[in-house]
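A.B. asks: To start, I am sharing the structure in question, which I have written as structure tokens.
The values are calculated or read from the model by the stated rules, or taken from the named source; none is laboratory data. In this text the structure is predicted, and so the values were computed from the model without any measurement. Here the Cβ positions follow ideal geometry from the backbone for every residue, glycine too, while neighbour counts run over all protein chains shown.
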Amino acid sequence: MNLITCTGMFNRDQGTHEQRLVVYTKLVSNEEDNTPPAPPTEISIQGELLSWHAVRDDAVIGYRIYEIDSEGNEHYVSSVSNKERKTFLLDDRDKYYLVRIVDVFEQESEDGVFKE
């Protein structure tokens, strides 16, 4: 991204500033940026509540919950911010759910799988 702006004294006769200021930016990426986050752990169901352990990582922005239908297709059902309680109220306890971590680069982790 580049920014071009005016600087210096304003010349009323010409209707413009005497100088231009150009600021250049350079995108700096880190090789670690391409690594998806690790999947969530300690996923459990208690009654109608799906819960999991929070991940203490500054790059984590939240969690996405998916429902798996009878044909094995996944459907997005909800998101939980990293600032919220790590729980989700289940619509149907007989369905299969996945929890994935989402980082600042919108990368999702592998599935966090509930094991009874």
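A.B. asks: Scan the strands (runs of 3 or more DSSP E) fully inside region 12-116 and keep the ones with 1 or more residues being at pLDDT below 90, among the polar types (S, T, N, Q) and exposed (fewer than 10 other Cβ atoms within 10 Å of the Cβ). I'd like the intermediate steps shown before the answer.
C.D. replies: Values: elements: 16-24, 44-46, 49-51, 60-68, 74-81, 87-89, 96-103.
It comes to 44-46.
A.B. asks: Here is a list of conditions, (1) without any contact (Cβ under 8 Å) to a residue 24 or more places away in the chain; (2) of a type in the set (S, T, N, Q); (3) out of contact with any Phe, Trp or Tyr (no Cβ under 9 Å at 6 or more places or on another chain), and residue 79 meets all of them except one; can you say which number that is?
C.D. replies: Here residue 79 clears every test but (3).
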